[in-house]
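J.: Encoded as structure tokens, here's the structure I'll be asking about.
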Amino acid sequence: MAIHDPVHGTIEVSPREIKLIDSRPFQRLRHIKQLGFAELAFPGATHTRYLHSLGAMHVASRIGERLLGDFELPDAEHQRLWQTLRLAVLFHDLGHPPMGHVSERVMPPLADLKLTEWDDSDRQATHEDYTIKLLVDSELTALIEQQVGDRGITGPRLAALVAGRTPPGDEGAFRVDGVDFLPLLSQVVSSELDADRMDYLQRDAYYCGVSYGHFDRSWLINNLRTVEWEGKYLMALQHKGVWAFENFLLARFHMFLAVYYHHTAICFDNLLLKFLASGEYALPADSDAYLQTDDVQVLTALRKSKDPWAQMVVTRRGYRLLVETHSFGKGPEDAALDVRLGEAGVEFFRVQSKGVLSKYFNKRQKVFPLLVVEPEVGRVQRIEDYTPLYRRFDDVVALSRVYCRPDQLQKARTYLCEDVAAGG
């Protein structure tokens, strides 16, 4: 069967995959927008996690074909690894909450999901944890076994690629002829150069009607190779693809500033967060109950609520942007500005938006190195040793914004102008 996609063209899916795509957990993603409130600024941005997941699976197929082609594998094992990768990427966003990433801030403790075999950390759950939960402990788990279990594919094995770790009690799940394919395949699911980002950057740019998110995906994929590094087989980029990768990172940087951190979307994210903090709406830990959550359910709760923040979201009458400062620019000192606005009787809130262009240099996160291979001379090295330009992405995209009540916007602007003129 073929699915027609505006970004990738024809996406081929098998009858078994159709059964999984038609499952309730995956169909839920039809009702969760990819970019949340971004459609208030970019009316075309109504695309969903459902469509993105199909596109990411398509990209993962191309990457998998390229990387697995570096090995001489039995046909059955090649097909098993390739199919496992496709489904892991297809399902990578299963656990995403409604209305964008902001809803993750009100997720329950991880312990409530009862995933101690996978992670017994004392922390708040994330959408990745919910994805694992739905793969290993929901109605989808049995359906996966029914459709592709005969090919050696199970819910826990798909969850392993999403989590980037060996499935509990199944240490040999990705080992073939002495090679452990887990590190390599998990990089396709989540890494500096994964199928997820390769799809959403171009898809988001397409639906938003902007040009920032474009890069040469085909050239990047064609220049991917597999190399052995410190006892593991990892994804590497041929040296002639490095500049295309830098363009890929730059595209992400521009999308952060122009789309993902657009001041309107950030404002309404914060309004929603203030409503969620009231406790009127909560995300459940139970798998079946979580599958009932989507954008429609949250919007219904907002419409029924008498909470003033909820009504601002429903009526699209949010606070207005007053001041914006960038990490690479100069602006009023935040604390002093807040004091002055308070003295003027202006009702406002401040939102700090921070994003990391590259996880590669974050010492707190365990990520595999990004490697560059020069096959002509047989040399493999870390990308930061190949080009110092890569380190320019070792920065946080930081924006600080102050929003005020719309009926006080002119008053606040006048006060700030007078304050600046007086040397305040």
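Where a number appears in this text, it was derived from the coordinates with a stated rule and is not lab data. These numbers come from a predicted model, not from an experiment. Reconstructed Cβ throughout: ideal geometry from the backbone, glycine too, with neighbour counts over all protein chains shown.
J.: Assuming a ≥ b ≥ c are the square roots of the Cα gyration tensor eigenvalues, decide whether segment 95-245 counts as rounded (a/c under 1.5), prolate (otherwise, with a/b larger than b/c) or oblate.
T.: Numbers: a/c = 1.92, a/b = 1.19, b/c = 1.62.
Oblate, since a/c reaches 1.5 and b/c is not below a/b.
J.: A further question on this structure: Among D286, D177, which comes first, second and so on when ranked by fewest other beta-carbon atoms within 10 Å?
T.: Least to most surrounded, the residues fall as D177, D286.
J.: What do the square roots of 5 times the Cα gyration tensor eigenvalues come to for segment 2-317, in whole Å, largest first, as semi-axes of the equivalent ellipsoid?
T.: 33, 24, 17
J.: Still on this structure: Hey, with R₀ at 41 Å, roughly what FRET efficiency would C417 and S211 work out to, going by the Cβ-Cβ distance, to 0.05?
T.: Given R0 = 41 Å and the Cβ-Cβ separation, E is 0.75.
J.: For the chain, give me the percentage of DSSP beta bridges that are antiparallel, rounded to the nearest 5 percent.
T.: Close to 90 percent.
J.: Let me ask another. Of I32, L73, G231, whose Cα points farthest to the positive end of the dipole of the chain (charges on the beta-carbon: +1 Lys, Arg; -1 Asp, Glu; origin at the Cα centre)?
T.: Working it through, the farthest residue towards the positive pole turns out to be I32.
J.: Suppose R0 equals 41 Å. What FRET efficiency, 1/(1 + (r/R0)^6) with r the Cβ-Cβ distance, do A289 and L257 give to the nearest 0.05?
T.: With R0 = 41 Å, the Cβ-Cβ based efficiency is 0.65.
J.: Would you please give the residues with an amide H less than 5 Å from that of M99, counting only those at least 5 places away or on a separate chain, with H modeled from the backbone geometry?
T.: K33, D295
J.: Holding the Cα-Cα limit at 24 Å, pick out from K33/K366; K274/K366; K304/K411; K232/K366 the pairs that are longer than that.
T.: Values: K33/K366 29 Å; K274/K366 32 Å; K304/K411 32 Å; K232/K366 15 Å.
Distance filter (> 24 Å) returns K33/K366; K274/K366; K304/K411.
J.: Could you pull out every residue, at least 5 positions away or on a different chain, whose amide H is within less than 5 Å of the one on V397? Hs are placed 1.01 Å off N in the peptide plane, and Pro or chain starts have none.
T.: Hits under the 5 Å cutoff: G355, V356, L357.
J.: Also, quick follow-up: Would you kindly state the longest site-free stretch of the chain, with sites defined as GluC sites (Glu not before Pro) in a DSSP loop (not H, G, I, E, B) surrounded by at most 16 other Cβ atoms within 10 Å?
T.: 1-71
J.: Which part of segment 45-73 falls in the paramagnetic zone of R316, meaning amide N under 17 Å from the point 7 Å along Cα-to-beta-carbon?
T.: Counting only backbone N, you get 45-47.
J.: Between T300 and A335, what length comes free when the chain is fully extended (0.36 nm per residue of separation minus the Cα-Cα distance, one decimal in nm)?
T.: 8.9 nm
J.: Here is a follow-up. In what order do Y260, Y212 fall by count of nearby beta-carbon atoms within 10 Å, going from fewest to most?
T.: Least crowded to most crowded, the residues run Y212, Y260.
J.: Oh, and also: What order do you get for 216-222, 235-241, 87-93 when each peptide is scored by the mean count of other beta carbon atoms within 10 Å, highest first?
T.: Put in order of decreasing packing, that is 87-93, 235-241, 216-222.
J.: Before rounding to the nearest 500, sum -39500 (n - 2.57) across all DSSP H runs of length at least 4 in the chain and divide by the residue total; then give [θ] at 222 nm in deg cm²/dmol.
T.: -12500 deg cm²/dmol
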